[in-house]
Amino acid sequence: QVQLVESGGGLVQAGGSLRLSCAASGRIFSIAAMGWYRQAPGKQRELVASITNGGTTNVADSVKGRFTISRDNSKNTGYLQMNSLKPEDTAVYYCNAVICTIPCISVANYWGQGTQVTVSS
């Protein structure tokens, strides 16, 4: 019923920037929150940043000041602007969204397929 499609990953040198996008489609009534998680090889998936429908954001300490999360409610799309990238930011980045689908009886958690971000030193 709902799809999350990420884009914008790739290979970048340390100090560079990337912008990830996450487009939600399907029978969407509302998106309560969107977030970005990442998982590096051999490590657990961790929260990078999240944003509520009202625009309240939460950003992990490890990326604070470098990454910015935003969303365009009219497009059901979320973004993660990543600046001053470091090799330790290398991971698969996953989009997550808490969505109420039509007719909005309950919310559910949805995940994108992931996009690889590789930062070379």
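The values are calculated or read from the model by the stated rules, or taken from the named source; none is laboratory data. Just so it is clear, the structure is predicted and the values come from calculations on it, not from any experiment. Side chains are part of the model used for accessible areas, which takes the heavy atoms of the whole protein and leaves out ligands, DNA and RNA. Shrake-Rupley method; radii C 1.70, N 1.55, O 1.52, S 1.80 Å.
For this structure, a couple of remarks:
- When I69, I105 are compared by accessible area at a 1.4 angstrom probe, the order from most to least is I105, I69.
- Couplings 3J(HN,Hα) for region 109-121, derived from phi with the Karplus relation 6.51 cos²θ - 1.76 cosθ + 1.60 (θ = phi - 60°), are 9, 10, 10, x, 7, x, 9, 7, 10, 10, 10, 8, 8 Hz, where x marks Gly and Pro.
- Overall, the accessible surface of the chain at a probe of 1.4 angstrom is composed of carbon and sulfur to the extent of 49 percent.
- As a ratio to 2.2 N^0.38 Å, the alpha-carbon radius of gyration computed for the chain takes the value 1.04.
- The Cα-based radius of gyration of region 81-121, divided by its Kirkwood radius, gives an Rg/Rh of 1.22.
- Karplus-derived 3J(HN,Hα) values for region 33-42, using 6.51 cos²θ - 1.76 cosθ + 1.60 with θ = phi - 60°, are 7, 10, x, 10, 10, 9, 9, 8, x, x Hz; glycine and proline are entered as x.
- Residue by residue, region 44-60 carries 3J(HN,Hα) couplings of 7, 5, 10, 6, 9, 6, 9, 8, 8, 4, x, x, 6, 10, 9, 10, 4 Hz when phi is fed to the Karplus relation 6.51 cos²θ - 1.76 cosθ + 1.60 (θ = phi - 60°); x denotes Gly or Pro.
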